[in-house]
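Remarks on the structure that follows.
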Amino acid sequence: MNMSKKIFLLRALALLLATLILLSLPLTSCQHTGGGTETTADGTDSLPDSQPDSTSPGETSGGEAITLPGADGTETQPSQTGTQPSQPDIPSDPNQAEDDPLAPVFSAQGGVYTDRLALTLSVPDGAPEGTVVRYTTNGSVPTATSTAYASPIRLMVNEGDGGVVRAACFDSQGNRVSRVVTNSYVRAASTDSTVFTVMISVSQQDLNAMMSAYSETVERPAHVEIVTPAGQTVISQDAGLRLFGGSSRSLAQKSFKLIARKDGYFGENAAYTGKGSFAYPLFADRVVQSGQDAGQVLDKYDSFILRNGGNDSLLHTAVDPTNATLLRDGVVNNFAQTWAPAVDCSLSRFAVVYINGAYYGLLDMRENLNEDYVKRVYGVDDADVAVIKSELDTTRHCDRHANGGSCRFCNVWFYLETDEDQRCQDALAQWQALCKKAVQGLNTKGEVYDALFAEIEAQVDLESFMQYMALGLYVCNTDWPHNNVKLWKYTGEPMEGIAITDGKWRFMTRDMDMAMGRYTSPYVLPELDNRATVDTFWRVLGNYVDGYAGKYENSGETQLYPDSLGLGGLFAFCLKDDGFRASFAAFARTLAGEEAVAALDAAYETAYDAISPLMEAHIQRWGTQESYKEWKVACRKVDAFIKARPTPFTTYLDLALSMYA
């Protein structure tokens with residue numbers, strides 16, 4: 001047999017053997033939205049047909065390994081082998097804008113995966129010659145000096161790892177010719193979860209600017225992706241990012257506010273593509289109350305909050321550090337949605353958060369109660385809504401003290417504020433004048449009292465006020481009502497069919513984390529003690545109702561916070577009216593009834609079941625003083641509070657009512 005025939009037969013035999021081997025071995029691959037890698041039978045990755053086999057103009061040859069932050073914040077070196085992950089059915093990549101034909105193509109959409117990933121990036125079909133994809137893996141926006149894509153980027157080596165890739169197309173002169181496309185990736189044991197997954201990408205420089213400013217007003221462009229518990233990516237868009245919260249901003253784990261800004265908000269030349277809203281029903285129980293969408297589940301949000309739990313954060317260690325649960329605020333608000341329907345509450349659902357691919361722990365995902373919320377829920381123009389909220393400044397001091405630290409009870413720490421425009425300032429002045437009238441009218445009787453009560457009734461939704469006060473008193477929120485007050489009113493012309501356009505004040509929840517037994521050390525911070533046995537009626541009314549003085553004199557109770565915001569005086573005044581008092585008593589007793597207690601307990605159980613499987617990782621991430629075992633004990637204390645509160649509450653309710661007999 002001549003040599004050419006031997007070579008031909010050897011080649012044919014090799015081809016036959018290779019075909020048989022490939023047919024006998026299973027292949028795994030991820031769902032592709034564009035060109036990408038394929039995993040071969042031996043576990044190595046082959047370049048797809050669309051991947052050029054030579055370096056295009058402007059690209060670098062070869063491809064250095066990419067280091068990504070691991071779950072513990074350290075750098076992990078990606079493996080050079082691995083299989084593509086599996087993922088449930090998801091929509092086509094929302095990052096790939098139809099109106100940007102030059103946007104780079106990712107082989108896999110961001111989301112939660114169950115295996116490592118070899119990610120490819122490619123120039124879209126029809127791009128001019130010389131176009132190159134440049135990318136970053138640290139959250140920063142790619143520039144002309146960023147790495148040029150040349151070979152698969154290997155992500156998520158270990159379970160729990162995360163990564164972010166931000167890419168854009170550049171011409172041969174180094175000019176960015178497309179928008180920036182961002183995809184974040186997380187590797188988990190399963191694509192199913194008990195909570196949402198929220199992934200934020202932001203440059204470290206911008207993140208540092210927010211952290212160092214220690215301010216809620218500093219805002220920087222970022223990208224946010226949200227994955228549902230079922231593993232479906234439902235949000236992937238640019239947004240504004242701010243810190244959120246008051247004193248809790250000092251904790252290592254921050255709270256954040258994400259805002260759906262429109263194009264141009266950060267400047268015409270910013271690498272930012274805004275949509276103006278988060279188009280997904282983030283909170284399935286939020287139903288539009290009036291307007292053309294009345295009765296429908298709210299499916300657009302202008303902003304939302306990721307909260308660290310405030311005083312109920314496991315990092316808040318000032319007093320009773322092993323009592324924190326992260327649950328309290330969200331549980332109360334979710335309960336109030338049904339049981340205090342005249343009060344606007346901030347619905348809660350938890351999320352595992354990653355920032356630039358690094359695990360950031362659990363945060364409480366919340367509705368942001370502001371003018372935009374009123375616009376969306378009630379179908380009115382946000383320009384006709386005035387929101388007033390309380391603020392705390394511990395540096396403010398009175399004339400008798402040299403610093404604010406000595407002025408806890410001096411009527412200077414707590415104050416109300418609103419937006420600077422004249423309409424809101426006028427509304428604030430009207431509210432303060434009304435509360436002042438109520439306090440001054442506490443000793444009035446007969447027609448004089450009736451006339452003043454009628455004036456208050458014309459300006460305040462008394463059903464909302466009644467439910468708001470009963471809720472705070474029942475859950476034993478001792479950081480209120482001298483603090484954490486929020487209310488709103490419509491200031492425009494009345495609109496037919498929309499009840500809230502009557503111009504009356506209505507109430508919103510705010511920071512219910514210091515409730516349900518968070519602080520149980522009456523000799524350390526007695527004014528904040530919120531055990532189930534505490535009389536919160538006395539805390540609210542004691543400044544105005546003389547009958548309390550004798551009942552609590554020398555009984556170990558603390559001195560009272562001053563009624564800086566006027567809410568206690570307004571409540572004391574309204575209770576003098578027989579009709580209001582009877583309605584309040586009836587509603588308050590429903591909160592202590594068996595059905596409501598069962599509902600509050602169910603809200604607690606739902607929240608506990610959602611985060612319990614994830615709490616050990618959260619505790620490990622932040623090195624909290626509270627252990628996982630102690631956290632479970634703290635949660636049982638919340639459950640015990642829920643069951644124990646009705647009896648003492650009704651006792652104190654009867655005592656308060658007797659003061660007005």
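The values are calculated or read from the model by the stated rules, or taken from the named source; none is laboratory data. Note that this is a predicted model, so its numbers are computed, not measured. FYI the Cβ positions are ideal-geometry reconstructions off the backbone, even for glycines, and counts take in every protein chain you see. The protein model used for the area step is the full one, side chains on, heavy atoms only, and it has no ligands, DNA or RNA in it. Shrake-Rupley method; radii C 1.70, N 1.55, O 1.52, S 1.80 Å.
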Check: Under a Cβ-Cβ cut-off of 10 Å, what is the net charge of the residues other than residue 342 that fall near it, where Lys and Arg count +1 and Asp and Glu count -1?
Finding: -2
Check: Expressed in nm to one decimal, what extension gain is obtained for the pair residue 214 and residue 620 from 0.36 nm per residue of sequence separation less their Cα-Cα distance?
Finding: 143.6 nm
Item checked: Overall form of region 387-461 per C-alpha gyration tensor (a/c, 1.5; a/b vs b/c) -> oblate
Note to self: Spelling out what I want: for every residue of region 411-427, take phi, set θ = phi - 60°, compute 6.51 cos²θ - 1.76 cosθ + 1.60 (Karplus), and round to whole Hz; glycine and proline get x.
What the structure shows: 6, 10, 5, 9, 7, 9, 8, 8, 5, 7, 5, 4, 4, 6, 5, 5, 5
Next item on the list: Using only alpha carbon positions, build the gyration tensor of region 419-512, then give the equivalent ellipsoid semi-axes as the square roots of 5 times its eigenvalues, largest first, whole angstrom.
Entry: 21, 20, 15
Next item on the list: Please work out the C-alpha center-to-center distance from region 151-177 to region 216-231 and express it in whole Å.
Entry: 19 Å
Next item on the list: Note down the magnitude of the dipole of region 371-513 about its Cα centre, charges +1 on Lys and Arg C-beta and -1 on Asp and Glu C-beta and zero elsewhere, to the nearest 20 debye.
Entry: 660 debye
Notebook entry, point to check: Considering amide H positions built from the backbone, and no H for Pro or chain starts, which residues 5 or more places from residue 350, or on another chain, come under 5 Å of its amide H?
Noted result: 196, 365
Next item on the list: Give me the lysines in straight-line cross-link reach of residue 300: C-alpha distance below 20 Å, same-chain residues under 8 apart excluded.
Entry: 257, 262, 275, 375
Notebook entry, point to check: For residue 304, which sequence-distant residues (separation of 5 or more, or a different chain) have an amide H within less than 5 Å of its own amide H, given hydrogens modelled in the peptide plane?
Noted result: 258
Note to self: What is the distance in Å between the Cα centroid of region 236-264 and that of region 297-312?
What the structure shows: 10 Å
Next item on the list: Pull out a ≥ b ≥ c, the square roots of the eigenvalues of the alpha-carbon gyration tensor of region 196-329, then state rounded if a/c is under 1.5, prolate if not and a/b is larger than b/c, and oblate in the remaining case.
Entry: oblate
Next item on the list: For region 464-480, just list the computed ³J(HN,Hα) in residue order, Karplus coefficients 6.51, -1.76 and 1.60, θ = phi - 60°, integers in Hz, with x standing in for Gly and Pro.
Entry: 5, 5, 4, 5, 4, 5, 4, 4, x, 5, 5, 7, 6, 7, 8, 9, 6
Notebook entry, point to check: For region 162-174, in order, what is each residue's ³J(HN,Hα) by Karplus, 6.51 cos²θ - 1.76 cosθ + 1.60 with θ = phi - 60°, in whole Hz (x at glycine and Pro)?
Noted result: x, x, 9, 10, 10, 9, 8, 8, 10, 7, 5, 8, x
Next item on the list: Straight distance only, please: which lysines reach the Cα of residue 632 with their own Cα at less than 22 Å, same-chain residues fewer than 8 apart left out?
Entry: 643
Check: Can you pull out the trypsin sites (Lys or Arg not before Pro) in region 426-512 that DSSP calls coil and that have at most 10 other Cβ atoms within 10 Å?
Finding: 445
Check: Kirkwood hydrodynamic radius for region 324-467: how many Å is it when counted over pairs of different Cα atoms?
Finding: 19.1 Å
Notebook entry, point to check: If amide H atoms are built 1.01 Å from N in the plane of the peptide, which residues on other chains or at least 5 residues away come under 5 Å of the amide H of residue 361?
Noted result: 353
Next item on the list: For residue 100 and residue 457, compute 0.36 nm times the residue count separating them, minus their Cα-Cα distance, and round to one decimal in nm.
Entry: 123.0 nm
Next item on the list: Check the straight Cα-Cα distances from residue 576 and name the lysines below 21 Å, setting aside those fewer than 8 residues away within the same chain.
Entry: 436, 437, 445, 504, 551
Checklist line | Percentage, to the nearest whole number, of Cα pairs in region 507-661 over 23 Å apart | finding: 48 percent
Next item on the list: For an R0 of 51 angstrom, estimate the FRET efficiency from the Cβ-Cβ distance between residue 285 and residue 173 and round to the nearest 0.05.
Entry: 0.45
Next item on the list: Assuming 1.002 mPa s and 20 °C, estimate D for region 598-661 with Stokes-Einstein, Rh taken as the Kirkwood radius over Cα pairs, in µm²/s.
Entry: 152 µm²/s
Item checked: Simple spin-label estimate for residue 436 and residue 230 in nanometres, 7 Å along Cα-Cβ -> 5.6 nm
Next item on the list: Measure out, as a whole number of angstrom, how far apart the alpha-carbon centroids of region 621-661 and region 467-500 sit.
Entry: 23 Å
Item checked: Most to least accessible of 125, 364, 421 (protein chains only, probe 1.4 Å) -> 125, 421, 364
Check: Which loop chymotrypsin sites (Phe, Trp or Tyr not before Pro) in region 632-661, with loop taken from DSSP, have no more than 16 other Cβ atoms within 10 angstrom of their Cβ?
Finding: 660
